[in-house]
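Structure first, then comments.
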Amino acid sequence: GVVEGFEDLTGAVESDRTLISRKAYRLRGVVTVRNNATLSVEPGTFILGQPGSQPPSVLVVSRSGKINAYGTRSRPVIMTSSQPFGERQRGDWGGLIMLGRAPVNVASGAGGQQNQSGEFFIEGLPASEDTVYGGSDPNHNCGTLRYVRVEYAGSIFAPNNEANSFTWGGCGKATVAEYLQAIYGLDDSFEWFGGTMDAKYLVGGLGADDYLDFQLGYTGRVQFGVF
């Protein structure tokens, strides 16, 4: 890809915003889409995770936000490390997390958390309204991902508390996840925490943990995968 310049993404996206392919976007820490905002991403756009930040850079779509990343076969949306070619490593950044309001099989107070029954807080990030997922809407829409590649993600925040390349928590049937690739991840390539969404045409390669991982009552369908 060819870009005209770089732009930092920090804090919260609280109104509709479009990331354009003429720029590359650098994630600074935890960037959260919330407040009923939709983050749209053009085909061929680069989103760059920054190694070394505390907490690691990660893109979180909260229950009150949505992402629509429409890549194409020839111009996928690429989320990768900001390091130069040849210096990128697994776990350089956190990855993509999408949270929704579909059912999750978890009791209140699970693991000592202050969660309500049917809701939980996503792994790797502090418990807050931005990191809670689950609910009673099996058709909730977390957004659309088509032709998206996530590379060198999967930061470990603490032992057994990691982010994955693609993480879905409580995402519902209206969520679209098609033609996705996870490569060089430090943790799982694709992980679901509850929810009812479907996914198809998934490719996982050169990962350091599971390619597919499901827990907390995921009831969706995954079709066509190469791992």
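The values are calculated or read from the model by the stated rules, or taken from the named source; none is laboratory data. The structure displayed is predicted, hence computed values, not measured ones. Neighbour counts are summed over all protein chains in view; Cβ atoms, including those assigned to glycine, are modelled from backbone coordinates with ideal geometry. For accessibility, only protein heavy atoms count, side chains too; no ligands or nucleic acids. Shrake-Rupley method; radii C 1.70, N 1.55, O 1.52, S 1.80 Å.
What is the dipole size for the chain, taken about its Cα centre, with +1 at each Lys and Arg Cβ and -1 at each Asp and Glu Cβ, in debye to the nearest 20?
Numbers: 18 positive and 23 negative charges, 132 e Å.
With only Lys, Arg, Asp and Glu charged at Cβ, the dipole is about 640 debye.
In whole percent, how big is the carbon plus sulfur part of the accessible area of segment 1-146, probe 1.4 Å, protein atoms only?
Reported share for carbon and sulfur atoms: 43 percent.
If you take the beta carbon distance between residue 128 and residue 210 as r and set R0 to 25 Å, what does 1/(1 + (r/R0)^6) give as a FRET efficiency, to the nearest 0.05?
On the way: r = 26 Å, r/R0 = 1.06.
For residue 128 and residue 210, the calculated efficiency is 0.40.
Only bridges whose two residues both fall in the chain count here: according to DSSP, what percent of them are antiparallel, nearest 5? Kindly include the intermediate steps, with their values, before the conclusion.
Working: 5 of 70 bridges.
Close to 5 percent.
Kindly report the accessible area of segment 152-227 per residue (heavy atoms of protein chains, probe 1.4 Å, no ligands, DNA or RNA), in Å². Could the numbers behind the result be given before it?
On the way: 2950 Å² over 76 residues.
Accessible area per residue, segment 152-227: 39 Å².
How many angstrom separate the Cα center of segment 99-123 from the Cα center of segment 11-51?
Each part reduced to its Cα centre gives a spacing of 27 Å.
Quote the FRET efficiency, to the nearest 0.05, computed for residue 113 versus residue 53 with a Förster distance R0 of 35 Å and r equal to the Cβ-Cβ distance. All intermediate terms of the calculation are to be shown ahead of the outcome.
Values: r = 25 Å, r/R0 = 0.71.
The pair residue 113/residue 53 has a calculated efficiency of 0.90.
Distances over 17 Å make up what percent of all Cα-Cα pairs in segment 1-119? It would help to have the intermediate numbers written out before the result.
On the way: 4296 of 7021 pairs.
In whole percent, the long-distance tail amounts to 61.
Could you pull out the longest piece of the chain with no exposed loop trypsin sites (Lys or Arg not before Pro) in it, calling a site exposed if DSSP puts it outside H, G, I, E, B and it has at most 11 other Cβ atoms within 10 Å?
Working: sites that count: 73, 221.
It works out to 74-220.
Spin-label point model (7 Å from Cα, Cβ direction): what's the residue 20 to residue 3 distance in nm?
1.4
Would you list which lysines come within 17 Å of residue 173, measuring only between C-alpha atoms, while excluding same-chain residues fewer than 8 positions from it?
Straight-line reach from residue 173, under 17 Å: 66, 200.
Please sort by residue number the GluC sites (Glu not before Pro) in segment 1-105 whose DSSP state is loop and whose Cβ has at most 12 other Cβ atoms within 10 Å. Can you show the working numbers first?
Working: sites: 4, 7, 14, 87; in loops: 4, 14, 87.
Answer by residue number: 4, 87.
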